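The next block holds one structure in the form of structure tokens; read it before the comments.
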Amino acid sequence: MTTEKTSSPRRSGADWFGLVAFAVLVICSAVLVVRLISTKFLPTGQLLLAVGALLVLSGLHGWVQLPHREKTGGKIACGIVALVLAAAMLYGAVALGSVQHAITDVADKSVETDITCVIVNADDPAQSLDDVKGYRFGILEDRDTENTQSLLQQLQEKLGAAEHTAYASPALLTDALYDDQVGAILLNKGYIPLLEEQEGYADFSDRTRILYEYTTTKTVEPAPADTNAQVDVTKDPFVVYCSGIDARSSNINITSRSDVNILAVVNPTTRQILLVNTPRDYYLPLAHNGQLDKLTHAGIYGTGESMQTLDNLYGTHTSFYMRVNFAGLTKLVDALGGVDVYSTKTFSMGGYNFTEGVNHLNGEAALCFSRERYAFADGDNQRGKNQMAVIQAIISKASSPAVLKNYQTLLSSLSDAFITSLSYDDIASLVQMQLQDMSGWHVTSYAVSGSGDTSYCYALGDAAWVMRPNMDTVNTAKELIRQVMSGETPQIP
């Protein structure tokens, strides 16, 4: 007796559609899981829950699609659902990748750029370094010494000689160039805005020409190693120095004046953030040499110099810094769909009218609001308060669900707006903490004040308008910082 073999039923087109849809779902699920793990955003519990949900979802689809079924309607419907879910997962993975890339672009930036220039008069015939052979160079006597000497050595190797004369201040150095005492001068690019603020030198950039730029990099040192202990940003209170560079600067990494100087004191346990503003013209001893100068001039010697100068004033140990380009902030504010900023004054600036109370501002209006100081009796003090109001509004909007609407535009604007020494892992840890309990942050601000005076400034080598600190307000700021760091609610006067 012959036994006939029973052949397996052939799979229909619906079967193959369902299998392909199932395979696509599994692949997209795996891609999403890998992305979730690599971003480090989800707390362990939520990550396991997400992975478990994806496994269950894939298992259910496999249960429908893998066996042969005579009725194919369910397979087709299930396959369509699988493809829709797979598309959503792929979109989520791409979106997470964009977030990861954007944070990587701005995080863990602890290096900044110094540019020392070879500058000649605008009508000088020299067009390259070869053309300044035989020139005498003017240099600053005791400022930017390391970069200047390195550039002099490079010039000597290239030209065979680099005769030079030292001058005590940027103004005297410039006079020597104008009067043909030297053929060219070596000057750090960060000094040029300072020079142009002095009487008689506003047209410096028009009267001169940068022939060559010598670029070096250096590591930002936030604090002496013995005090800069490792900080767990989800548990330990910490201080971030927020430095705002001039809105016209295009290179956010370049060493330059800091027109905005805010310490953000953060307590992640109590969810308190205290913003302490120090006016740019505050007259303080520089950290590296004890010479008195405006706080804004400390930035010429690097972000670390500004941080340590403020630490000396307030008795803080700043762990991180964030550098903000206020020109880049316009893109950030626009990407957020505008921000609601509370103004304590009514004033006009740049064609915009700001009223006392809440103002909805786009990027350009927010920049105007942040930069104006001449409309106020207390000038830079009020500007500092306005800048903190904008920062508070950005924090509020950025921590709301509304950011999801324009997240791609928002992410693309981040690298133009700021950089930070916070690492990617630090930022991911803060995101994890936020997702775990979704608690809000309570942001308060305080601005120290002072009185106007005219005094010698080290960077200029000459007298200039400065603000002498009101130590009562400084001591109040110290107490507020202590309160936040120790877990108390700050009692703003």
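Applying both filters, DSSP loop and at most 15 other Cβ atoms within 10 Å, to the trypsin sites (Lys or Arg not before Pro) of segment 297-362 gives 345. For segment 16-78, trypsin sites (Lys or Arg not before Pro) are listed when DSSP marks them as loop and at most 10 other Cβ atoms sit within 10 Å of their Cβ; the list is 71.
For residue 349, the shell of other residues with beta-carbons less than 12 Å away shows a net charge of +2, using +1 for Lys and Arg and -1 for Asp and Glu. The accessible surface of the chain, taken with every protein chain in place and a 1.4 Å probe, is 55 percent carbon and sulfur. Relative contact order of the chain: 17 percent, from C-alpha pairs under 8 Å at least 6 residues apart in sequence. When the charge dipole of the chain is built from unit charges on Cβ atoms (+1 for Lys and Arg, -1 for Asp and Glu) and taken about the Cα centre, the candidate among 173, 68, 464 whose Cα reaches farthest toward its positive end is 68.
By the Cα gyration tensor, segment 245-302 has an equivalent ellipsoid whose semi-axes, rounded to whole angstrom, run 24, 17, 10 from largest to smallest.
Counting Lys and Arg as +1 and Asp and Glu as -1 over every other residue whose Cβ lies under 13 Å from the Cβ of residue 158, the net charge comes to -2. Taking Cα atoms only, the orientation of helix 424-437 departs from the longest principal axis of the chain by about 60 degrees. With 27 Å as the limit, the listed pairs 109/133; 218/385; 331/385 have 109/133; 218/385 beyond it between alpha carbons. In the structure shown, the pairs 345/397; 189/235; 40/75; 40/478 are assessed against 31 Å; a Cα-Cα span above that value is assigned to 189/235; 40/75; 40/478.
Each distinct pair of alpha carbons in the chain adds a 1/r term; the inverse of their mean, the Kirkwood radius, is 26.2 Å. If you take all other residues with their beta carbon under 15 Å from the beta carbon of residue 41, and give Lys and Arg +1 and Asp and Glu -1, the sum is -1.
Entry comment: accessible area of the chain is 47 Å² per residue, from protein heavy atoms only and a probe of 1.4 Å. Against the chain, whose longest principal axis comes from its Cα atoms, helix 407-417 is set at around 20 degrees.
The values are calculated or read from the model by the stated rules, or taken from the named source; none is laboratory data. Worth saying up front: this structure is predicted, and the values here are computed from it rather than measured. In this analysis, Cβ positions are derived from the backbone assuming ideal geometry, glycine residues included, and neighbour counts consider all displayed protein chains. Side chains included, ligands, DNA and RNA excluded: accessible areas come from the protein's heavy atoms. Shrake-Rupley method; radii C 1.70, N 1.55, O 1.52, S 1.80 Å.
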